1. Would you mind computing, in nm to one decimal, how far apart the modelled labels at residue 391 and residue 334 are, each placed 7 Å from Cα along Cα→Cβ?
2. Determine, for 26, 354, the number of other Cβ atoms within 10 Å of each Cβ, and report the residues in order from fewest to most.
3. Normalised radius of gyration for the chain, please: alpha carbon Rg relative to 2.2 N^0.38 Å, two decimal places.
4. Which residues among region 427-441 fall inside the zone where the amide N is under 16 Å from a point 7 Å beyond the Cα of residue 773, along Cα→Cβ?
5. If neighbour count is taken as other Cβ atoms inside 10 Å, put 92, 224, 728 in order from fewest to most.
6. How much FRET efficiency would the formula 1/(1 + (r/R0)^6) give for residue 149 and residue 671, where r is the Cβ-Cβ distance and R0 is 41 Å, rounded to 0.05?
7. Restricting to Cα pairs below 8 Å that are 6+ residues apart, what does the relative contact order work out to for the chain? Please round to a whole percent.
8. Two-decimal Rg/Rh of region 353-504 from alpha-carbon positions, Kirkwood Rh?
Ligand code: GLN
Ligand code: ZN
């Protein structure tokens, strides 16, 4: 049977290890507890286990070079020698020390006057990090400059290919394609287009491909996810150009171009015209793509069909997939098809079998990377006509049906409430101007009121107490007492230094999404469902499997306690529906917008309960609103519509005199300013200190009427800003907005900082606001 079976690929697998072994090894190495050699041995062990696991599960197109000690984009920068001068490495291949300096910064790095990293005295900072497309994985942004040259500076793809081969695995090495790589990069000179470096870069890729071919690689996977973006004509031409050259210069290796995370849309012709041997498409995000491809493709093109969702955790219906794919394979021809997940399995957790705490039915609905590989292998056999898998197909079908029809995921009362959502529920009683007037009289705040974004340092003591409580080592009462003491101390301190609007400090929260998910029905949590976020950092996204309900108030007691300690207003602190949605694995049986509105109703009830309890200011954080934007512009409006609606559902059920705040982390606002204005929060705080307030231009140009707290200090750095610096930033804000609109606050929450940093910084911030008041 296996001879007839279709090739099964994974495109890439989680590299952290089933129990986050990579995290442990990296952090031990950084702490000086293990040697470089030991780290490299551990990493090799993880790779070997990964290859063996895929092989035993029936994956036949096994990737290599999908592993990384930190990030695959950083690996590529190092491979081609795109190493900014501040980290300049004398050694070649680039040392691990340089690699981790680029990833994490250094206290000992060299400073050069010409570098773009001029933040005095701290050694070289890490390279910038940003989101990998619309995932929650973050990559290190490559840096390019005019006149840049490239040369092969790390042989990682070649070494890992050989390593696998020595273990008996013929692999398909994975490279980030040159066009996507250049497009992901940045330059200190905004007028400079990194894509113009393409011809410089090509020889390095040629060299890598030649070396791989020489050692026996017959296929190489080049990831070009830029194919799912809105591309300018130049980028399309670049794609055609580069693969034309690679195909001509290295004719003995076949290239599989991998597109993923969306439809090829208007890049379809480009994708089909690249003279390569194979093309991978994401048929989960773009189910209709296949028909267009079948109609237009070259007959010799090998299609890799991404049919199992690599971005979510649900089991597939293999029976349906078999029925859908049978005619497709007949059309494409058996020799021209591979099956695969929609994208690399990097974005899902490793193995459902490690979950011992999930309810059995929920567990039976899930597929993590191991289960997804198994699904692919079964599907391949089914498509080859192997009747032995009939039972597995039936089982997968019933698991999916069981989930979709389970009473656990549906609540009849909620359905009624959802249908009753109307415009009135999405609108405050009065427009902003009269509301602001009422609120001004109610609060009597000074000009440039000072506040913070919510969290105070999560010290080792706070974390230890939480861990001890989770393990049962301290009782509920002891834990509660500890948290109350922390909260009381934070409040007293805020009063002492003279902040105007206080917060309780969020000491009771493990994470801004998990904390709410744990108290809402419809969410489940894993023990080992880790997904890499960046470097050694992993997150365990909540699994939003069913209708969202709030069985009881979540934050009201904490707010009441905090407010009982002070006569100044304490802002209540909530996470918004869009952020909860965007940072979870979400059910796929109803539209995301509908799930979001369900969460919004739950948060709306919380907002109402807070108001009834006496809260006069309520902040609803939407840290992830901007990052949830679809990759294609044409889909923005639909997303923003339900995202903004959801925010309004939760924020509009209060009286005019209740002040609604929101907070957004670093975001570009220019292109979504209408949506921000439509949210109609009374006050929005945003991250602006590093942009020198330029992000406020969007608000000025729009004549944004509501109040804004532009961050005046960078909470990502341990540096303590002086009052004078913050005054300069506020002056820049005043050039753009009315004084009556402005609040003074840090860029974001302070949970990652130390009290030694937070105390002087906030004292300086209050001083800055006071000096401005005195002067105006
Ligand atoms: N209230 C949250 C905090 O202060 C907001 C964090 C965020 O938006 N990332 O930590
Ligand atoms: Zn933030």
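1. It is 2.6 nm.
2. 354, 26
3. Output field value: 0.98.
4. Zone members listed by number: 440-441.
5. 92, 728, 224
6. 0.75
7. Relative contact order here is 11 percent.
8. Dividing the radius of gyration by the Kirkwood radius yields 1.19.
Each reported figure results from applying straightforward, stated rules to the coordinates on display, with no laboratory input. Model, not experiment: these values are computed from the prediction. Ideal geometry is used to build each Cβ from the backbone, glycine not excepted, and the neighbour counts take in all protein chains shown.
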